[in-house]
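> Please see the structure below; I have some questions.
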Amino acid sequence: MFDLSNARFAFLDLETTGLSPWFGDRICEVGIVITEGRRIKGTYQTLVNPERPLSPGAASINGLSEADLESAPSFAELANRIEEQIKDAVVICHNSKFDLQFLDSEYRRIGRDIQIPNLIDTLMLARQYFKLTSYSLHAIAEAFHVPTVGGRGAEADALNARGIFFAMMDALKELNKPLDDYIGIYNSPAWRGEGIQLPIELGEAIYGGKRMFIRYVDKNGEQTERWVTPRHVIGLSDYIYLQAYCHLREAERSFRLDRIVQVHVET
């Protein structure tokens, strides 16, 4: 049985070139924070050469550029080190279904499987036990008055996941449940049959039932701004698209999700 006060935790976050490994997107940054109980024992952060271009949408979120990544090691060169970091730890991710599909894909590219016998998803934890208006990392941190680490990147998000995890654990003490009750198992392969996995903020915006203001980059690199009313998300032959009513064109339109570089939901 795990003890919250001294268990080994590995808080894991990834940055990626886009939204789906099934369409060839890759990991471009890994951040891991290792703790014993609440005490930080070490951090691991590395850029990863994804061997493919960054999408406009990903670059707008993670702040990385092609120049940042071209001299970074490939995932194959980093795979052993990453596995060592998370081995024998309770791995904690925020929105694990999004991140682990990428981790699984990378290991499969080099002919290996990744198994995580002890996994906690802080997104699932928050949705199951707390009623909040948003379940993004920063929204949960704000709800629990947890100071956040500023800046972009996988290591900052891993540190923020640590903060909200222990805040939620404190709030759940009254249930008197052992840590083991919150732990699940991840066995490769990732959840391909469960539909399209999206980052939390984008998913909440699309499925929130409200108009969205988007800045969109077309295939020629031209940017336009418009209000849209989302209908649904679909996977086509080349990528994932948002089908929406475009108020600029007054017609139904499809928008490739990795070309949306800014989203603002109507209040």
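Please treat every number below as a calculation from the coordinates, not as lab data. Quick caveat, the model's predicted, so the values are computed rather than measured. Because the Cβ atoms are built from the backbone with ideal geometry, glycine has one as well, and the counts that use them run over all protein chains shown.
> Evaluate the relative contact order of segment 8-196 (contact order divided by residue number), counting alpha-carbon pairs under 8 angstrom at least 6 apart; express in whole percent. Could you put the intermediate results ahead of the total?
Working: 311 pairs, mean separation 47.5, N = 189.
Once normalised by length, the contact order is 25 percent.
> Picking from 213, 48, 100, whose Cα lies most toward the positive end of the charge dipole for the chain (charges on Cβ: Lys, Arg +1; Asp, Glu -1)?
Going by the Cα projections, it comes out as 213.
> With only Lys, Arg, Asp and Glu charged, each at its Cβ (+1 for the first two, -1 for the last two), find how big the charge dipole of segment 202-265 is about the Cα centre; round to the nearest 20 debye.
Values: 10 positive and 8 negative charges, 26 e Å.
That gives a dipole near 120 debye.
> Tell me, how many Å apart are the Cα centres for segment 218-267 and for segment 1-50?
Cα centres, segment 218-267 to segment 1-50: 30 Å.
> Compare 237, 136, 65 in a GNM of the chain, Cα atoms joined below 10 Å, and give the one with the largest fluctuation.
Looking only at 237, 136, 65, the largest GNM fluctuation is found for 237.
> Applying a 10 Å radius around every beta-carbon, put 218-224, 181-187 in order of their mean neighbour count, most first.
Numbers: 218-224: 9.0, 181-187: 14.4.
Peptide ranking by packing, descending: 181-187, 218-224.
> Modelling each spin label as a point 7 Å along the Cα-to-Cβ direction, I'd like the residue 187/residue 112 distance in nm, to one decimal.
2.1
> Further, regarding this structure: Using alpha-carbon pairs under 8 Å, 6+ residues apart, how would you state the relative contact order of segment 202-265 in percent? Each step should come with its number before you reach the end.
On the way: 126 pairs, mean separation 22.3, N = 64.
Relative contact order comes out at 35 percent.
> Which of the lysines could a cross-linker span from residue 41 if the Cα-Cα distance has to be under 28 Å and same-chain partners fewer than 8 positions apart are dropped?
Of all the lysines, those that pass the test against residue 41 - Cα under 28 Å, at least 8 places apart if same chain - are 87, 97, 173, 177.
> Give the shape of segment 1-75 as rounded, prolate or oblate, defined through the alpha-carbon gyration tensor: a ≥ b ≥ c are the square roots of its eigenvalues, a/c under 1.5 means rounded, and otherwise the shape is prolate if a/b is larger than b/c and oblate if not. Don't jump to the answer; show the numbers that get you there.
On the way: a/c = 2.95, a/b = 2.32, b/c = 1.27.
It comes out prolate by the Cα gyration axes.
> Note down the magnitude of the dipole of segment 8-196 about its Cα centre, charges +1 on Lys and Arg C-beta and -1 on Asp and Glu C-beta and zero elsewhere, to the nearest 20 debye. Don't jump to the answer; show the numbers that get you there.
On the way: 19 positive and 26 negative charges, 84 e Å.
Magnitude of the dipole: close to 400 debye.
> At 0.36 nm per residue, and after removing the present C-alpha to C-alpha distance, how many nm does the segment from residue 262 to residue 234 gain when stretched out fully?
Numbers: separation 28, 0.36 × 28 = 10.08 nm, distance 1.96 nm.
Between residue 262 and residue 234, full extension yields 8.1 nm more.
> Going highest first, how would you order 259-265, 22-28 by mean Cβ packing within 10 Å?
Numbers: 259-265: 17.7, 22-28: 19.7.
Listed from highest to lowest mean packing, they are 22-28, 259-265.
> Across segment 202-265, what fraction of all alpha-carbon pairs, as a whole percent, falls in each successive 5 Å bin from zero upward?
Going from the shortest bin to the longest, the percentages are 4, 19, 32, 29, 13, 2.
> Another one. Run lengths n ≥ 4 of DSSP H only: what is the helix-derived mean residue ellipticity at 222 nm for the chain, with -39500 (n - 2.57) per run over all residues, to the nearest 500? Mind showing how you got there, number by number?
On the way: 8 runs with 79 residues, N = 267.
Dividing the helical sum by the residues of the chain leaves -8500 deg cm²/dmol.
> Sort 107-116, 138-147, 160-169 for me by packing, meaning the mean count of neighbouring Cβ atoms within 10 Å per residue, highest on top. Could the numbers behind the result be given before it?
Values: 107-116: 14.6, 138-147: 16.1, 160-169: 21.3.
Going by the mean number of other Cβ atoms within 10 Å, highest first, we get 160-169, 138-147, 107-116.
> Relative contact order for segment 228-267: what percent, with Cα pairs under 8 Å and sequence separation of 6 or more? Kindly include the intermediate steps, with their values, before the conclusion.
Values: 54 pairs, mean separation 12.2, N = 40.
With pairs under 8 Å counted, the relative contact order is 30 percent.
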